[in-house]
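Working notes, structure below.
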Amino acid sequence: MSENTYKVPTMAEMAASGESPEILFWVGCAGSYDDRYKNVTKAFVKILNTVGVSFAVLGPEETCTGDPARRAGNEFLFQMQAVSNIQVMNGYNIKKVVTACPHCFNTIKNEYPALGGHYEVIHHSAFLQQLINEGRVKLKGGGEFKGRKITYHDSCYLGRANNIYEAPRQVLEALDAELVEMKRCRTKGFCCGAGGGQMFKDAEPGKKEVNVERTEEALSTGADTIAVACPFCMTMMSDGVKNKEKEGEVKVKDLAELIEEGLRG
Amino acid sequence: MEYLAQIVFILIVAVATYILVRRIRMIRKGILLGKDVKINDHKKDRWRNMLLIAFGQKKMFKRPIPAVLHLFLYGGFLIINIEVLEFVVDGFTGAHRAFTPYFGHVYPWMMNIFEFLAVAVLISCVIFLVRRNLLRVKRFHAYEMTQWPKLDANLILIIEITLMLAILTMNAADQHLQIRSPEHYPASGKLFFSSLLMPLFENMSTGSLIVVERTAWWFHIVGILGFAIYITYSKHLHIFMAFPNTYYSALSPQGQMKNMDAVTNEVNMMLGIQTEAVAAPPSEEIGRFGAKDVNDLTWKNLMDAYSCTECGRCTSECPANITGKLLSPRKIMMDTRDRAEEVVKNMGSGGKGLEDGKSLLHDYITKEEINACTSCQACVEACPVNINPLEIIYELKRYVAMEESGSPASWNSMFQNIETNFAPWKFAPTDRFNWANDLKAEKAEK
């Protein structure tokens, strides 16, 4: 029965029925195509459904923000992407955007205004924190996380890029788990190695992979869960854990997945 | 003969000033090789940044031990300058300790504070020399820190140590002379630190004491003038540049990349979007896209380069550098300054300047270096004087991508994917929304 299934309305459907949602959920390319990160997208949509947030996605109308092209130097391609995305978003008169990708978040929030796209942009970590603070997300607290050690890996594009250090940590604290910090955290957070377009090429010659260095640090905290808030960090840290052959003991999870598990209790 | 010393002093000051002014002009010329950008918004925030970060040393305190040692050097430099003012007055007027009549009881206090700072500077410099040369702090031994940069760092510390020793020697000899001929040597009061050196000079004749005192005095004042000129060739220039550099540093979020308006005009035209910018006639010829050489960077990028004191905090936090890649953000800044100085020097001697067949990209900074950058901004965050190496890396990448089409092959594939599939990976755009299919079929939790 359609009553009991999850709803994923698109902006086009909403517009056709004369509705305008409170937020646009910007899914991002990793959230749409990456097998691992699709799970995060689904978890976040489940939370939105459960809480009853009025939202919509662009669906097939969404395209790459252009961030990887821009960071790799291709300003033309970036602006072509940005300008067409802005046309679509402005066409739907979008005011508020929530996204689970820090790179999309940074680009839409900080770089689209110069090209005519002015929106209130919220990263899903801050959005989840808001929902928890407002009491709209009620964690069942079945004790699944109690006493478990979680370490949080700062995404560069949330942290240093946009000064978001506390929201993801507060979300994790709501889980009642023990949050253990890596030595390099917050402003000194060590990159996963995927930013600046590195996700799409092999690393330059060196003596070590960046993600392995970071994973070793995360593992040394003794946490059984590495929490991330970025699709690229997710890939790099998961690969790192595999490289260290620890995938049996240590899980890499996005904040949305952890909260969604917490909702189910 | 009576005025000989004064004449010599005036001559030395005049020559030093002449050289200094010339050097400052060269540095100004180097910075102004960069493209013009207007940075004069939010003056209040800019003053605040300068006060907190340059004057208040805020970002230094991320590493407390060097921060405290550095604070002694910085405080010593600022406050001992009051004493140097007395030196200058004495030098011009032929007086000895010209400030004694005006400061009265405060004078010994002042002198003791100066001596305390001189000793603090001296000890800090010795510790810094040990740290730099014996303790093998990693950031001081990178591949860009050999030859001149290494010598420069040690010279600065050694010069500061000798200058401080000169003050203490002068004061010790002077205190003997105050006892032997009080009519010529006004009482400074007991000076704690230099009085510890007094036994060294006890058995000297008055004549020898005068020689020691005068030699130390001349050594100190000429040394300071010489050091001021030296600084203009050195990484030590940060003692001045830190102030304007923090004032003009970006106020926008660190993650924000600067928009290329020239590209926006073209993109709008291609997409048939009418804007005021398109309607307006093109104001000036469009230069290169991105940066190949120093003149493609902004004057602020070049000011950054002249402000760098090569401390290496950026490099020591760079994930690429830590994992053994060639990239070092500090080297990016050093190369930029070296290239700017080379161009200015070349132009000054009637050479070809920027047209000398060399360029910042390729001759100084290689693609391998910039391609290793993860744009994580750790370098920008780490810099105690708000230098932004990442902006230069971005500009060089832009040149490689847009003017040379020289990006790595896998980046070119990524570009192509975005162009044709609207995603950096090779997936069909029609599949973008497939993730929702199972979800729409899944039974929702209450």
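Side notes on the structure shown:
- Search result, residues across the stretch B:176-203 that are within 17 Å of residue B:118 (Cα to Cα) and without any contact (Cβ under 8 Å) to a residue 40 or more places away in the chain: B:195, B:196, B:197, B:198
- Residues of the stretch B:284-313 classified as within 14 Å of chain A (Cβ to nearest Cβ), more than 13 Å from the chain's Cα centre (by Cα) and open to solvent by 10 Å² or more (accessible area, probe 1.4 Å), total: 6
- Test: residue A:150 is buried (at least 20 other Cβ atoms within 10 Å of the Cβ), farther than 26 Å from residue B:369 by Cα and within 11 Å of chain B (Cβ to nearest Cβ): no
- The lone exception for residue A:118 - which of (1) open to solvent by 20 Å² or more (accessible area, probe 1.4 Å); (2) farther than 28 Å from residue B:441 by Cβ; (3) in a helix (DSSP H, G or I) it fails: (3)
- In the stretch B:400-436, residue nearest to residue A:41 (Cα to Cα) [restricted to those that are more than 42 Å from the chain's Cα centre (by Cα), polar (S, T, N, Q) and not in a loop (DSSP other than H, G, I, E, B)]: B:430
- Matching residues, the stretch A:23-79, being outside any strand (DSSP E or B), aromatic (Phe, Trp, Tyr) and more than 10 Å from chain B (Cβ to nearest Cβ): A:44
- Boolean, residue B:419 is more than 7 Å from chain A (Cβ to nearest Cβ), more than 24 Å from residue B:318 (Cβ to Cβ), of a type in the set (Asp, Glu) and open to solvent by 20 Å² or more (accessible area, probe 1.4 Å): no
- Residue match in the stretch A:156-164 (condition: over 23 Å from residue A:105 (Cα atoms), within 14 Å of chain B (Cβ to nearest Cβ) and open to solvent by less than 30 Å² (accessible area, probe 1.4 Å)): no
- Taken residue by residue, the stretch B:212-234 has at least one member that is modelled with pLDDT of 95 or more, open to solvent by less than 60 Å² (accessible area, probe 1.4 Å) and either under 30 Å from residue B:357 (Cβ atoms) or outside the structural domain of residue B:140 (by TED's automatic domain parsing) (or both).
- Top-ranked residue in the stretch A:130-165 [being of a type in the set (Gly, Ala, Ser) and over 16 Å from the mean Cα position of the chain (by Cα); ranked as farthest from residue A:177 (Cα to Cα)]: A:135
- When the stretch B:324-336 is filtered for residues that are crowded, with 24+ Cβ neighbours inside 10 Å and in a loop (DSSP other than H, G, I, E, B), the ones remaining, listed by number, are B:327, B:328.
- Residues (open to solvent by less than 40 Å² (accessible area, probe 1.4 Å) and either within 7 Å of another protein chain (Cβ to nearest Cβ) or farther than 30 Å from residue B:367 by Cα (or both)) located in the stretch A:175-193: A:175, A:177, A:180, A:182, A:190, A:191, A:193
- In the stretch B:359-399, residue nearest to the other protein chains (Cβ to nearest Cβ) [restricted to those that are in contact with a Lys or Arg (Cβ under 6 Å, 6 or more places away or on another chain) and assigned to a helix (DSSP H, G or I)]: B:381
- One residue from A:193, A:197, A:189 being on the phi < 0 side of the Ramachandran plot and within 18 Å of the chain's Cα centre (by Cα): A:189
- Residue identified as buried (at least 24 other Cβ atoms within 10 Å of the Cβ) and out of contact with any Phe, Trp or Tyr (no Cβ under 7 Å at 6 or more places or on another chain) among A:40, A:53: A:40
- Test: residue in the stretch A:214-229 that is open to solvent by less than 10 Å² (accessible area, probe 1.4 Å) and either within 19 Å of residue B:325 (Cα to Cα) or at pLDDT below 95 (or both): yes
- Residue match in the stretch B:138-149 (condition: at pLDDT 95 or above, assigned to a helix (DSSP H, G or I) and not aromatic (Phe, Trp, Tyr)): yes
- Hey, residue B:425 within 8 Å of chain A (Cβ to nearest Cβ), without any contact (Cβ under 8 Å) to a residue 12 or more places away in the chain and open to solvent by 10 Å² or more (accessible area, probe 1.4 Å) or not: yes
- Only one of the numbered conditions (1) free of Cβ contacts under 8 Å to residues at least 60 places away in the same chain; (2) polar (S, T, N, Q); (3) more than 11 Å from chain B (Cβ to nearest Cβ); (4) farther than 19 Å from residue A:130 by Cβ is not met by residue A:5, and that is (3).
The values are calculated or read from the model by the stated rules, or taken from the named source; none is laboratory data. None of the values given here were measured: they were computed from a predicted structure. Every residue, glycine among them, receives a Cβ derived from its backbone with ideal geometry; neighbour counts consider all protein chains shown. These accessible areas exclude ligands, DNA and RNA; they are computed on the full protein's heavy atoms, side chains included. Shrake-Rupley method; radii C 1.70, N 1.55, O 1.52, S 1.80 Å.
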